[in-house]
Structures are given as structure tokens and as C-alpha cells.
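Below you'll find the structure, written out as C-alpha cells, and then a few comments.
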Amino acid sequence: MNKTALHDRHRALGAKMTDFHGWEMPLYYTSILEEHKAVRQALGVFDISHMGQLLVTGRDALPTLNAVMVSDISEVGEGRACYTLMLNERGGIIDDLIIYRLGTVEYLVIVNCGNRSTDVTWLQEHRVGHTTITDISQGRSILAVQGPLAARVLEQILDAKVAGLGRFEIAPIRTMGPEACIARTGYTGSDGFELFLPDHHARRLWDVILSVGRSLGAQPVGLGARDTLRVEAGLRLYGTDMDDRTTPFEAGLDWTVAINKPSFFGKDALVRQRQEGLSRKFIGFELSQGPVPRAGMELMADHADGGAGARRVGTVTSGTFSPILNRPLGMGYVEPSFAKPGTEVMVTVRSRQYKGTVVRLPFWKGEAKQATLASPGIPSKQVGG
Amino acid sequence: MDVPSDLLYTKTHEWLRREASGEVVVGITAHAQEELRDVVFVELPTVGKAIKQGDPAAVVESVKAAFDIYAPVSGTVPRVNEAVAKSPQLVNQDCYGQGWLFAIAPSSSEEFSRLLSPEEYARQIQASTH
């Protein structure tokens with residue numbers, strides 16, 4: 001089993017460990033719900049070093065990325081980042097990833113750990129001209145520092161202009177050498193940062209952040225709360241909410257697709273699907289109370305024509321209990337005519353039906369919006385697979 | 001791990017208390033709630049239902065998964081803990097007290113011999129955690 005550079009820290013903290021795609025990772029340290037609340041109310045520190053770090057460099061790095069990614073990567077300026085997708089020829093999602101532009105012809109690509117080798121092979125095969133693709137994950141870590149206190153705590157510790165960093169921006173951490181970067185990205189729906197570092201810096205920083213942050217309510221957070229947080233934020237998980245048989249349109253990720261780009265892998269299939277229409281659409285739904293919707297459960301609805309009885313209209317892919325909204329939440333796919341917010345659906349749990357309502361994602365709209373309960377927000381672009 | 005000496009136990013981590021009335025009260029052990037953590041939903045049997053020893057009688061859901069709770073003895077269900085249905089976290093907070101799940105009016109006394117004594121149950125969880 002693979003171990004991260006922080007494995008001894010997790011053990012010392014008494015973490016319950018789990019096997020995640022061949023990595024021995026912390027599931028929780030104390031409690032999933034407690035760690036979840038720490039991120040929403042104060043600060044959580046995650047070891048996400050299982051994720052792959054790739055470097056794409058060279059004169060033709062941009063044409064290479066533009067050929068395989070659905071977004072227009074030429075719009076990503078230096079020091080900025082973009083959430084995007086890589087498709088196969090059928091328009092199916094190979095992976096979702098974040099591309100950070102470090103320099104003129106230098107891109108850091110963060111990929112899902114389960115897809116790391118597939119992604120490298122795919123990029124190598126579709127490389128254009130002078131492009132070098134290097135897997136730099138070995139010897140490096142990623143820390144996610146997430147929550148309303150993230151900027152304040154990191155600014156005390158790092159010699160980087162943390163608070164000045166905008167959403168989806170990345171900057172070097174000068175005191176740690178050229179190979180350490182901090183970005184204002186995350187996978188929780190809260191404000192926060194991700195730090196890409198050599199292992200020895202990550203170990204030291206982990207200890208410092210936790211010791212500085214403890215009195216403010218900071219906690220180490222495992223993959224259990226990482227999952228409940230991302231569901232609350234309406235963020236899809238690769239392999240669970242989408243795979244290589246799901247298109248971006250079905251997954252509700254239309255906003256990532258630059259359909260007017262001259263060409264990109266999978267574009268023809270998307271154009272065709274746009275003409276033919278969708279057979280299923282990704283939705284979020286909530287129950288006022290009851291059991292937790294879980295992957296594979298049926299979604300039912302009454303016949304649209306008012307006919308008697310309910311029929312199956314879709315399937316749950318993710319679910320959780322939200323300790324912030326205090327209700328069960330689910331995400332999944334339904335026939336497009338049942339995807340409108342406000343539509344009543346029923347989830348089948350142990351052959352019993354529980355009433356739910358389709359709601360606009362994200363469930364949790366971020367600290368500022370949630371506090372004022374503003375009108376339904378635009379989908380958050382804060383995704384980190 | 002807390003294994004009260006006045007209760008009987010099952011291999012599947014339920015506890016059972018024999019009341020003076022003849023009824024038994026059922027819940028899950030400290031070891032079980034510790035393993036589950038974060039209980040967020042409890043589904044209880046319907047009052048009046050007949051249940052059979054070893055069959056699933058209730059469900060306790062944590063954030064991560066749903067777990068069947070098995071009937072420690074056969075009988076009918078005279079009452080359930082409505083409070084735990086409303087506040088599932090009682091299972092974590094007080095598993096031997098306010099976090100009890102349901103009662104059974106046992107149909108036979110013979111089945112009790114198949115349950116574990118506190119010593120036997122303590123040995124079982126010790127073996128499983130080492």
C-alpha cells in the first residue's frame with residue numbers, strides 16, 4: 001500500500017485509516033461530522049498527497065493541453081488556474097483536473113490518484129510538438145488548508161501574499177524554494193488553499209499549521225469529511241458521480257466546455273449529443289429528514305401525466321448527511337424532465353420510499369452567501385477531484 | 001471498552017437487558033457505536049411486529065454506511081425508543097441508556113442461552129481488536 005510523507009503524523013494522531021485506490025489514507029481522526037464542522041466554522045488541514053502532480057512544459061505545452069482539454073487553456077494567464085475535463089472520443093470523461101499555469105510554458109496539472117497513470121499515458125499519446133510530460137508526484141505532497149480562517153492562519157506562517165491571492169490563483173512560496181506553490185483552490189466549498197510542496201516542507205508545515213491553528217479550532221481532516229464537504233458543495237467525484245461513460249453535459253459541467261474551440265478530443269461526440277439531446281442529467285436533491293441516500297439507490301417519481309403509481313427515473317451516485325444544513329443530501333442522474341429544481345422525487349431506501357426535492361447545486365453556497373441566504377447561487381467553480 | 005456486567009450480548013454487538021416485567025430492552029454496544037461513529041439515522045421496527053432471533057430488526061446509519069441490527073431473541077415489539085429516532089446521536093452519546101433502540105416481549109426463554117455473557121463478549125471484542 002502507498003503511504004504519504006505524513007503517514008506517521010496520521011498514525012500519531014490516532015487516525016482511522018482506509019484504503020483509497022491503493023493509498024493508506026486517514027478516513028477520520030475524531031469524527032467525520034466534527035471535522036466537517038471544523039472546516040465550515042474554522043479550519044481543516046487535509047493530506048491529499050495521494051493526488052497526482054504532473055508537469056506539462058515546453059514550447060507546445062499549450063497546444064497539447066488545448067487538444068485534450070475541453071476548456072480554452074489559452075485563457076488561463078500566468079499564476080492562474082482552471083478546472084477542466086479530459087474526454088475520450090465518445091465524449092466520456094477520462095478525468096477531471098485542475099491546471100495551474102506556473103510560467104509561460106509551464107503547467108502544473110493535478111489529477112485524481114486513481115487516474116494518474118491513465119492520464120499520463122493519454123497526455124503522452126496526444127502530445128503535440130515540443131511538449132514534455134513529467135509525473136513529479138514522487139517526493140512531493142499536497143496539503144489542503146480549508147475554512148474561513150485559512151487565509152489568516154497561513155498568512156501568519158508563510159511569507160506569501162496569501163490574502164491577496166484571488167480565487168483560482170497560484171503563487172510560489174518564496175521561503176521554500178522554487179518548487180513550493182500555494183493556490184486558492186479546494187474541494188470543500190469553503191474558502192481555502194492547496195499547497196504543492198516537497199515532502200520535507202509538507203511535514204514541517206503540517207505541524208506548524210496545526211499548532212498555530214489548534215487554539216482557533218483547526219483540526220486535521222480525513223477523507224470521510226472531504227467527501228461530505230464536497231457533496232454539500234455539490235462537487236462531483238470522479239469514479240462515483242462520473243466516469244468515462246459520462247459526458248460533461250450529462251454531468252452538468254457544460255460551463256467547462258469551450259465548444260467554440262476549433263477542436264479538442266471528444267468535441268464531435270459533444271456536438272452530436274447537443275443535437276440529439278440528453279437522456280439523463282446530474283441533479284442534487286434533499287430530504288427534509290430520513291435515511292442517507294447512497295450510491296446505487298433508485299430515484300422514483302410520479303408519472304408526469306398524472307397516471308397512478310411511481311416509476312424509476314434515475315439513480316443516486318452520492319449522498320451524505322449534512323451537519324450544517326441538518327438534512328440528508330443526494331446527487332445522481334435522472335431523466336431530463338425530472339431535473340428541474342423543485343421537482344419531487346423519491347429515493348428508495350430498503351424498499352421504502354422517502355420524499356425528496358430536486359434543488360439547485362451547490363447545497364452549501366459558501367460562507368458569505370449562506371449567511372445571508374441569498375438567492376440561488378451560480379455553480380461554484382471550486383473543484384479539485 | 002465499556003461492557004456493563006448486568007447485560008447480555010450478541011456476537012453482532014447488540015446488548016440486551018432483562019426487565020422485571022419480562023420484556024427485554026435492546027441497543028448496540030459501546031464497541032459498535034465507537035466503530036460506527038457519527039450515527040445520523042435510526043430505523044426502528046414497527047410496534048407490534050413479530051421478530052425472529054438473528055433476523056434484522058432495525059437499521060443504524062452512520063455517515064459512511066448503514067448497519068443492520070439483529071434481534072437478540074424472538075418475540076414481538078411492545079415499544080420502541082422514539083427519542084433515538086428523533087436524535088440518532090443518542091446512540092453515540094449514551095448507547096446503554098438513552099440510546100436504547102427497541103424492546104421485545106420474548107416468545108421463548110430458551111433462546112437466552114445462545115447469548116453471550118459480559119465476559120464472553122469482552123473476550124470477543126478483545127480478540128477482534130488485536
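Derivation of every value follows stated rules applied to the coordinates shown; laboratory data play no part. These numbers were taken from a predicted model, which means no experiment stands behind them. Every residue, glycine as well, gets a Cβ built from its backbone with ideal geometry; the counts of neighbours run over all protein chains shown.
In order along the range A:317-325, phi translates into HN-Hα couplings of 10, 9, x, 6, 9, 8, x, 8, 8 Hz, rounded to whole numbers, per the Karplus curve 6.51 cos²θ - 1.76 cosθ + 1.60 with θ = phi - 60° and x for Gly and Pro. Estimated from the Cβ-Cβ distance and a Förster radius of 25 angstrom, the FRET efficiency linking A:Asp254 and A:Thr121 is about 0.35.
Farthest toward the positive end of the dipole of the range A:1-64, out of A:Gly22, A:Gly52, A:His7, is the Cα of A:His7, where the dipole comes from beta carbon charges about the Cα centre.
Based on every Cα atom in the range A:163-321, Rg and the maximum pairwise Cα distance Dmax equal 21.1, 68 Å.
Within a 10 angstrom radius of the beta carbon, how do B:Ser107, A:Ser74 rank from fewest other beta carbons to most? Don't skip to the end; give the middle numbers.
Working: B:Ser107 15, A:Ser74 12.
In increasing order of surrounding Cβ atoms, one gets A:Ser74, B:Ser107.
Between A:Asn326 and A:Glu75, the modelled label-to-label distance comes to 4.0 nm, taking each label 7 Å out from Cα in the direction of the beta carbon.
Using just its DSSP H runs of length 4 or more, each adding -39500 (n - 2.57), chain A gives a mean residue ellipticity at 222 nm of -6000 deg cm²/dmol after division by all residues. Sorted fewest first by neighbouring Cβ atoms within 10 angstrom, A:Ser31, A:Ser337, A:Ser190, B:Ser5 come out as B:Ser5, A:Ser337, A:Ser31, A:Ser190. Relative contact order, whole percent, for chain A stands at 19, derived from Cα pairs under 8 Å and 6 or more residues apart. For the residue pairs B:Lys11/B:Lys52; B:Lys52/B:Lys86; A:Lys365/B:Lys86; A:Lys281/A:Lys369; A:Lys37/A:Lys340, alpha carbon separations beyond 18 Å are given by B:Lys52/B:Lys86; A:Lys365/B:Lys86; A:Lys281/A:Lys369; A:Lys37/A:Lys340. Amide H to amide H distances under 5 Å link B:Ala57 with B:Ile69, B:Tyr70, B:Ala71, where only residues 5 or more positions off or on other chains count and H is placed in the peptide plane. Here the Karplus relation 6.51 cos²θ - 1.76 cosθ + 1.60, evaluated at θ = phi - 60°, turns the backbone of the range B:4-13 into coupling constants of x, 7, 9, 10, 10, 9, 10, 4, 8, 6 Hz, with x for every Gly and Pro.
In the protein assembly as shown, the convex hull through the Cα atoms has an average projected area of 26.6 nm², a quarter of its surface area.
Projecting the Cα atoms of A:Pro148, A:Cys181, A:Ile93 onto the charge dipole of the range A:50-199 (Cβ charges, centred on the Cα centre) puts A:Pro148 farthest toward the positive pole. Just so you know, the Rg over Rh for the range B:8-107 is 0.93, from Cα atoms, with Rh as the Kirkwood radius.
Rounded to the nearest 500, what is chain B's calculated 222 nm mean residue ellipticity when only DSSP H runs of at least 4 contribute -39500 (n - 2.57) each, over all residues? After summing the helix terms and dividing by the residues of chain B, the value is -5000 deg cm²/dmol. With both labels modelled 7 Å from their Cα along Cα-to-Cβ, the A:Ser279 to B:Ala85 distance reads 4.1 nm. For A:Thr18, the residues whose modelled amide H falls within less than 5 Å of its own, excluding neighbours fewer than 5 places apart on the same chain, are A:Met25, A:Leu27.
Sequentially through the range A:8-17, phi angles give Karplus couplings (6.51, -1.76, 1.60; θ = phi - 60°) of 5, 5, 4, 4, 4, 7, x, 5, 7, 9 Hz, Gly and Pro residues having no value and appearing as x. For GluC sites (Glu not before Pro), the sites in the range A:1-97 that DSSP calls loop and that have at most 14 other Cβ atoms within 10 Å are A:Glu78, A:Glu89.
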